[in-house]
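Have a look at the structure below, then the notes.
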Amino acid sequence: MNQLERKEYYEEDEIDIYELVEIIIKRKLLVLAIFIICSLFGLGAAFFVRSLKQDTLALKFNINYAKLESNYFFAKSGLNFTKINVDNILITNKYVDEFFKLENLNELYLEKVKEGNRNDYSKSKFLNNILKVSFNKETNSYIVSVTMKKNQKLQKDILNKYIAIIESLINIQVDDEIEDRYTFVESENRISREKLNKIENSIKEILEKEKNNLNKDTNIKEFIEYTNPVLSVEREKVTNLYNQSSEMLIGLNGLKRDDEIKNIISLDSSIYEIETKSKAKMILAVGILMGIVLGIMSAFIAEFIDNYKKRAIALRKK
């Protein structure tokens with residue numbers, strides 16, 4: 001192969017940008033058609049994804065146990081309040097049923113769940129899929145959120161129902177724990193008072209027997225400690241128990257009259273919307289990009305096929 005032939009060979013293999021552009025312009029209708037088809041597919045997919053988009057409304061709240069524990073009567077009562085487990089609300093049937101008293105939520109449940117699958121478990125599962133509760137350690141507060149297709153009225157109703165259930169649960173638990181504690185302490189106080197009365201009667205009997213050995217200067221307490229040390233120790237023990245239980249009863253009676261101690265839930269925010277990014281724009285952009293790429297590729301493929309056919313015909317004629 002001489003130098004001239006080599007040059008012609010290289011020129012034939014070189015990519016001519018202008019020629020590529022001419023091919024695209026020549027096949028512009030094909031390029032445009034494929035671009036439009038892909039863009040329409042992308043647009044349709046974007047609208048479909050957008051139709052599935054769910055909105056989230058949330059609410060922050062705090063259970064202020066410190067307010068309860070700092071109460072004067074609470075400190076005297078000796079009460080140890082059991083903290084609420086908020087997770088139990090969504091798995092306890094009686095509370096789940098409270099949510100489904102919301103007419104719109106019940107209708108949505110009946111629409112989404114087949115008749116044969118409707119039971120307490122499916123209700124709880126359905127509710128747990130849309131209602132989430134998390135705890136933020138930094139702010140020491142809870143975040144309850146509802147995620148579903150846009151229905152802000154129902155979402156707000158569910159959030160308000162959750163707070164109402166929490167408040168009701170706290171009220172019931174405070175009353176129950178005070179009552180249980182009161183019953184126990186009152187029993188201890190009564191028993192210790194009866195024991196103390198018996199001890200005092202025993203001491204009176206001892207003093208009556210020993211009255212000839214006593215005078216006006218005799219220290220009765222020291223005399224009993226010396227002559228009956230066991231009885232003296234028992235008296236001190238029962239007296240302390242009686243005094244402690246009496247103080248607790250004062251605290252518990254105070255708590256019974258103080259309804260403010262139940263108001264330990266505070267809302268740290270109003271109901272707000274959590275922005276969720278939609279993939280619709282990305283899907284549309286991918287559709288447009290694919291339309292451009294496939295359109296250009298189709299133009300080159302069509303040109304190649306035409307040239308191949310022309311070359312095959314020319315070879316046959318020779």
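The values are calculated or read from the model by the stated rules, or taken from the named source; none is laboratory data. Being a predicted model, the structure only gives us computed values, none of them experimental. Here the Cβ is made from the backbone with ideal geometry for all residues, glycine too, and neighbour counts use every protein chain on show. These accessible areas exclude ligands, DNA and RNA; they are computed on the full protein's heavy atoms, side chains included. Shrake-Rupley method; radii C 1.70, N 1.55, O 1.52, S 1.80 Å.
Residues being assigned to a helix (DSSP H, G or I), surrounded by 13 or more Cβ atoms within 10 Å (Cβ to Cβ) and within 35 Å of the chain's Cα centre (by Cα): count how many of those fall in the range 252-264.
Result for the range 252-264: 6.
Is there a residue in the range 225-234 that is hydroxyl-bearing (Ser, Thr, Tyr), within 45 Å of the chain's Cα centre (by Cα) and either open to solvent by 50 Å² or more (accessible area, probe 1.4 Å) or more than 30 Å from ALA66 (Cβ to Cβ) (or both)?
no
Based on what the data block shows, is ASP97 within 30 Å of GLN155 (Cα to Cα) and within 18 Å of the chain's Cα centre (by Cα)?
For ASP97, the condition - within 30 Å of GLN155 (Cα to Cα) and within 18 Å of the chain's Cα centre (by Cα) - is not met.
Kindly establish whether VAL96 is at pLDDT 80 or above, touching a Lys or Arg at 6+ places or on another chain (Cβ under 6 Å) and within 30 Å of GLU179 (Cβ to Cβ).
The answer is yes for VAL96.
For (1) acidic (Asp, Glu); (2) under 30 Å from GLU69 (Cβ atoms); (3) touching an Asp or Glu at 6+ places or on another chain (Cβ under 6 Å); (4) open to solvent by less than 60 Å² (accessible area, probe 1.4 Å), each residue gets a yes or a no:
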{"site": "GLU186", "(1), (2), (3), (4)": "yes, yes, no, no"}
{"site": "ASN189", "(1), (2), (3), (4)": "no, yes, no, yes"}
{"site": "GLU194", "(1), (2), (3), (4)": "yes, no, no, no"}
{"site": "ASP217", "(1), (2), (3), (4)": "yes, no, no, no"}
{"site": "THR239", "(1), (2), (3), (4)": "no, yes, no, yes"}
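Please verify whether the range 137-145 includes one or more residues that are hydroxyl-bearing (Ser, Thr, Tyr) and part of a helix (DSSP H, G or I).
Within the range 137-145, not a single residue is hydroxyl-bearing (Ser, Thr, Tyr) and part of a helix (DSSP H, G or I).
Can you tell me which condition ASN240 does not meet? The list is (1) assigned to a helix (DSSP H, G or I); (2) at pLDDT below 90, and all the others hold.
Every condition holds for ASN240 apart from (2).
Going through the range 67-90 one residue at a time, which ones are surrounded by 15 or more Cβ atoms within 10 Å (Cβ to Cβ) and without any contact (Cβ under 8 Å) to a residue 60 or more places away in the chain?
Listed by number, the list holds a single entry, LEU90.
Scan (1) more than 26 Å from ASN106 (Cα to Cα); (2) open to solvent by 10 Å² or more (accessible area, probe 1.4 Å); (3) within 14 Å of the chain's Cα centre (by Cα) for the single condition ASN129 breaks and write down its number.
Of everything listed in (1) more than 26 Å from ASN106 (Cα to Cα); (2) open to solvent by 10 Å² or more (accessible area, probe 1.4 Å); (3) within 14 Å of the chain's Cα centre (by Cα), ASN129 misses just condition (1).
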